[in-house]
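Asks: Encoded as structure tokens, here's the structure I'll be asking about.
The values are calculated or read from the model by the stated rules, or taken from the named source; none is laboratory data. Computed from a predicted structure; not experimentally measured. When we count neighbours, we look across all protein chains shown, and the Cβ atoms used for this are built from the backbone with ideal geometry, even at glycine.
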């Protein structure tokens, strides 16, 4: 009873009445503060996540660039540099992802001794971001660290024996005849039509080859073509295996043009996939050139000269290559142009892998 | 007396809310637009990255892509779509291949311009008529 009286007096007191309205202000004020606080925190988290995504993009680009340098033995020593420069070409939080940028550090690790791979490249980037609201909770900065790892897969560097047709084609020669110009192989993509000019009266982009076998004759070429066209059962190692950078011998060619112009070879050519060695420049007669790669063409049309005794042009579609490969980086051919071309056709491949699998 | 008190409370709350409610609504609106910015930028970054990597892969087989915008459109940009963020190939700039650098690199830039290419107006609420915003993201990858 006594307590009730005291409470009633307290409620009726002037001071307490004065405070009644403050509850009405306190509740929406609290809500406003909570919305502002939550919103600002959400802003910090969004900023954090955005910077993390940008850093991840830069690290992925860097790791893939570093791994790509391992495709060729002439660039393998530059893998870390490739990774850093590519990473720096991307931005996060408005800054280049580079150790030269403020509050950012980038580390690159390269491992070239990986079982089953050419090598791996791991890029880690850290960036300190300034928070907006989290500062009032004494959390003014956040350090975001992101890592990406890429591997360079085994490079195709060798074609097994009896896999290639004995006709080399040029990667860059632009063939010509009296009817106009054709297209160089390097400008074409899978599924495009590729014309191979082999007549000596034309600017050629194809020439018959005995691969690495010196001093062959017309009989060798005929037998090699018969085996490659499935007209004869293959003799082991008759058409030898070749590696990137190996010199292949280019023949006079007229006998090959004549041999192909008659049946059963002419008929066997059509709708057949031919794996052809690729060289640089116009294929010369009776000289050697280093092999730089392979292309597979599905022959669709064969044009003969007026007399019908010699093949002038082969026309086909570029298809996926079923070439067997071997591990090992592409050798440095000693010729900068050939090295550049080797890299441009990229017989190796790179891919992102889980960070935990980095063995460096 | 209680009626007087409750009247005061209501009056003070109404007065406070009439000032604070617009502020509260404005804050919520700004937060919604900021989250919209975040979603758009994430989408643009993803699109730029996807386009740059496709560009590298296709350059491997067909280097002419470096010089031909229509090939870039047909082989890369037309395949990179993110609903209401990247609707058209026109949002991408011509991919720049820097072959003088080591390693050679390709940079892809993608833009979001409010109200163009079938994109939603941004900001959605613009009572002060501040105009439309343009956002962009870039990705640079090595060509090999």
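Asks: Could you please tell me which pairs satisfy a Cβ distance under 8 Å, a separation of 6+ or placement on different chains, a first residue in region B:15-39 that is within 8 Å of chain A (Cβ to nearest Cβ), and a second residue that is modelled with pLDDT under 85 and loosely packed, with under 14 Cβ neighbours inside 10 Å?
Replies: Short answer, once both residue conditions are applied: B:16/A:29; B:20/A:29; B:24/A:31.
Asks: I'd like the full set of residues that are farther than 23 Å from residue A:351 by Cβ, within 12 Å of chain A (Cβ to nearest Cβ), in contact with a helix residue (DSSP H, G or I) (Cβ under 7 Å, 6 or more places away or on another chain) and free of Cβ contacts under 8 Å to residues at least 24 places away in the same chain, limited to region B:40-87.
Replies: Answer for region B:40-87, where residues must be farther than 23 Å from residue A:351 by Cβ, within 12 Å of chain A (Cβ to nearest Cβ), in contact with a helix residue (DSSP H, G or I) (Cβ under 7 Å, 6 or more places away or on another chain) and free of Cβ contacts under 8 Å to residues at least 24 places away in the same chain: B:42, B:64, B:71.
Residue-wise test of (1) free of Cβ contacts under 8 Å to residues at least 40 places away in the same chain; (2) part of a loop (DSSP other than H, G, I, E, B); (3) touching a helix residue (DSSP H, G or I) at 6+ places or on another chain (Cβ under 7 Å).
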position	(1), (2), (3)
A:249	no, no, no
A:257	no, no, no
A:281	no, yes, no
A:289	no, no, no
A:296	yes, no, no
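Asks: Same structure, new question: Considering only region A:96-107, state which residues are in contact with a strand residue (DSSP E or B) (Cβ under 6 Å, 6 or more places away or on another chain) and assigned to a strand (DSSP E or B).
Replies: Matches in region A:96-107: A:104, A:105, A:106, A:107.
Asks: Considering only region A:116-149, state which residues are loosely packed, with under 15 Cβ neighbours inside 10 Å and within 21 Å of the chain's Cα centre (by Cα).
Replies: A:116
Asks: Could you tell me whether any residue of region B:94-105 is more than 30 Å from residue A:78 (Cβ to Cβ) and either in contact with a strand residue (DSSP E or B) (Cβ under 9 Å, 6 or more places away or on another chain) or more than 10 Å from chain A (Cβ to nearest Cβ) (or both)?
Replies: no
Asks: Report whether or not residue A:108 is modelled with pLDDT of 95 or more, in the same structural domain as residue A:62 (by TED's automatic domain parsing), buried (at least 23 other Cβ atoms within 10 Å of the Cβ) and more than 30 Å from residue A:265 (Cβ to Cβ).
Replies: no
Asks: Could you tell me how many of the residues in region A:231-242 are on the phi > 0 side of the Ramachandran plot and either free of Cβ contacts under 8 Å to residues at least 40 places away in the same chain or crowded, with 16+ Cβ neighbours inside 10 Å (or both)? Break it down stepwise before answering.
Replies: Our first condition is that a residue be on the phi > 0 side of the Ramachandran plot; within region A:231-242, this holds for A:237.
Then keep just the ones that are either free of Cβ contacts under 8 Å to residues at least 40 places away in the same chain or crowded, with 16+ Cβ neighbours inside 10 Å (or both); that gives none.
Matching residues across region A:231-242 total 0.
Residues are listed down the side, and each one gets a yes or a no for (1) closer than 26 Å to residue B:108 by Cα; (2) in contact with a strand residue (DSSP E or B) (Cβ under 9 Å, 6 or more places away or on another chain); (3) touching a residue at least 60 places away in the same chain (Cβ under 8 Å); (4) outside any loop (DSSP other than H, G, I, E, B):
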{"position": "A:64", "(1), (2), (3), (4)": "yes, yes, yes, yes"}
{"position": "A:80", "(1), (2), (3), (4)": "yes, yes, no, yes"}
{"position": "A:84", "(1), (2), (3), (4)": "yes, yes, no, yes"}
{"position": "A:87", "(1), (2), (3), (4)": "yes, yes, no, yes"}
{"position": "A:109", "(1), (2), (3), (4)": "no, yes, yes, yes"}
{"position": "A:122", "(1), (2), (3), (4)": "yes, yes, yes, yes"}
{"position": "A:132", "(1), (2), (3), (4)": "no, no, yes, no"}
{"position": "A:152", "(1), (2), (3), (4)": "yes, yes, yes, yes"}
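Asks: Now, a different point. Filter region A:172-204 down to the residues that are assigned to a loop (DSSP other than H, G, I, E, B) and under 30 Å from residue A:60 (Cβ atoms), then identify the one that is modelled with the lowest pLDDT. So that I can check it myself, show each step before the final result.
Replies: Taking region A:172-204 as the starting set, the residues that turn out to be assigned to a loop (DSSP other than H, G, I, E, B) are A:172-175, A:178-179, A:182-184, A:188-192, A:198-202, A:204.
Narrowing the set further to residues that are under 30 Å from residue A:60 (Cβ atoms) leaves A:188-191.
Values: A:188: 77, A:189: 69, A:190: 65, A:191: 72.
Among them, the one singled out is A:190.
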